[in-house]
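This report concerns only the one structure given below.
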Amino acid sequence: MKFNKKLESISTYEAGKPIELVVREFGIEPQDIVKLASNENPNGCSPKVQKAVVDIVANMALYPDDSMMQLKEGLSKRFDVSDKNIIIGSGSDQVIEFVMHAKADENSKILINSVTFAMYEIYAKHVGAEIIRTDSLEHDLDAFYALYKSQNPDIIFLCTPNNPTGDAIDAAAMIEFLEKIDSDTLVVVDGAYMEYAAYKDDAKAVTPKELVERFDNVIYLGTFSKAYGLGGMRVGYGISSAPIIKELYKLRPPFNITTLSLEAASVALEDEQFVEESLKLNFEEMERYKSFANKQNIAIIESYTNFVTLSLEEPKNSTAIADALLKQGMIVRDLSGYGMNAIRVTVGKPEQNSRFFELIEALL
Ligand SMILES: *Cc1c(COP(=O)(O)O)cnc(C)c1O
């Protein structure tokens, strides 16, 4: 059968291996498996969410509230923007998809960091757009600007903090950069880990309100999958100028967020204390990764997220190490697919991190 030609160059996105698969492949009991591969919150989500979700389970025959009023009001209040500035997606992934289809086609160029979130490229390929990359591992806004000038991209993606490297862009430098970009170029600021960056360092905190007030051509993306601990619920959002949101809405499938997910995200948003506590625990545990890396002489990029990227030196090989860990029930992310000899590890609970140190030390 012949398929859309654009699919030929697309490789399927490799998500972190689910626990279920490791159980089946290696016969390891679920309770002996530690998943530190997808940057989920090891503390789960707010207990208030679990209670609220159970309460509405009885009522699932009706379609969800497609106006998503409750969640939009929550986001509106949290970020001090109008509901006309908000679109909600099945994960912020879906908002990236909307953005790509709204703005790009086979004549478009998309500018991204050398190493960054894989979905930008995959969605670009859906529409046949060309990907342009900078050279440096961390976001270098001068390099972005030079490529913007020479290549005239339709969309620029800034991922801050960046996945899978963990570095974050200075907020003031970003605003300065955005001021130099013409109004017909759409800039996506992916803040999937912004809660972590803002907690660690004020200077990295980018607020959607400021972006919306100052720029008509910028969209900020956020998600409930990371700090809020709701990866399984698939809820993300985009915040942008009303005309951009209006265009994205044309691409949104009806009822793209389930009743359960809407409820979970709305309640999670109210429990700031839970998120705050998670952020605190995350950076406390991250210190252990730093000392471990120091002790082992492993290079580590300063991380503003809930993961660390450990760069290995030949002959140590990230694929071999990730595989060996997997066979022992420890799931981490091999970054060889990103052209790096490195592994990315989500900061887990204290005992999960101890287990990681123990297993990897034996392999190094
Ligand atoms: C996890 C992640 C997302 C999106 O996650 P969703 O679960 O689809 O909301 C977006 N961008 C980056 C950089 C991520 O790491």
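Since every read-out is calculated from the coordinates, none of them should be taken as a lab result. Just so it is clear, the model here is predicted, and its values are computed rather than measured. Don't worry about glycine lacking a Cβ; one is built from the backbone with ideal geometry, like all the others, and counts go over all protein chains shown.
Things worth noting here:
- For the chain, with +1 on Lys and Arg beta carbons and -1 on Asp and Glu, the positive-most of Thr12, Val212, Ala264 along the dipole: Thr12
- Over the range 249-364, the alpha carbon radius of gyration divided by the compact-protein estimate 2.2 N^0.38 Å works out to 1.34.
- Over the range 1-115, all Cα pairs binned in 5 Å intervals from 0 give whole-percent P(r) values of 2, 6, 8, 13, 15, 15, 16, 13, 8, 2, 0, listed from short to long.
- Glu73 versus Glu270: modelled label distance in nm, points set 7 Å from Cα along the beta carbon direction: 1.0
- Sites counted here are GluC sites (Glu not before Pro) in a DSSP loop (not H, G, I, E or B) having no more than 12 other Cβ atoms within 10 Å; the longest part of the chain that contains none of them is 107-312.
- Cα gyration tensor shape for the range 53-114, rounded if a/c is under 1.5, else prolate or oblate: prolate
- Antiparallel %, DSSP beta bridges [both residues in the chain], to 5: 50
- Comparing mean-square fluctuations of Ser108, Ser261, Ser11 from a GNM of the chain with C-alpha springs under 10 Å, the top value falls on Ser11.
- Going from the fewest other Cβ atoms within 10 Å to the most, the residues Val267, Val332 appear in the order Val267, Val332.
- Dipole in debye (nearest 20) - the range 80-130, about Cα centre, beta carbon charges: Lys, Arg +1; Asp, Glu -1: 80
- Remark: the range 259-268, residue by residue, has Karplus-estimated 3J(HN,Hα) of 4, 4, 5, 4, 5, 4, 5, 4, 6, 4 Hz, where x stands for each Gly or Pro and the curve is 6.51 cos²θ - 1.76 cosθ + 1.60 at θ = phi - 60°.
- Toward the positive end of the charge dipole of the chain, with +1 on the Cβ of Lys and Arg and -1 on the Cβ of Asp and Glu, the farthest Cα among Leu75, Ala324, Val57 is that of Val57.
- Within the same chain, aspartates and glutamates fewer than 8 places from Lys77 are excluded, and of the rest, those with a Cα less than 17 Å from its Cα are Glu195, Glu210, Glu213, Glu263, Glu270, Asp271, Glu272.
- Between Leu251, Leu269, Leu21, the residue with the greatest mean-square fluctuation in the GNM of the chain (Cα pairs under 10 Å linked by springs) is Leu21.
- Converting phi to 3J(HN,Hα) with the Karplus coefficients 6.51, -1.76 and 1.60 and the offset θ = phi - 60°, the range 246-253 yields 4, 5, 4, 4, 5, 9, 6, x Hz in sequence order, with x at every glycine or proline.
- The phi torsions of the range 339-348, fed into the Karplus equation with coefficients 6.51, -1.76 and 1.60 and a -60° offset, translate into couplings of x, 10, 8, 8, 10, 10, 10, 6, 5, x Hz, rounded to whole numbers, with Gly and Pro shown as x.
- Under a model in which nothing but the beta-carbon of Lys, Arg (+1) and Asp, Glu (-1) is charged, the chain shows a dipole of about 700 debye around its Cα centre.
- Note that the range 185-321 carries a Kirkwood radius of 17.5 Å, evaluated over its alpha carbons pair by pair.
- Charge dipole of the range 263-358 (Cα centre as origin; +1 on each Lys and Arg Cβ, -1 on each Asp and Glu Cβ, all else neutral): 580 debye, rounded to the nearest 20.
- Built amide H within the under 5 Å cut-off of Val218, gap 5+: Val187, Ser241
- Computed on the chain, the Cα convex hull volume stands at 158 Å³ per residue.
- When only alpha carbons of the range 240-292 are considered, Rg and Dmax amount to 18.1, 49 Å.
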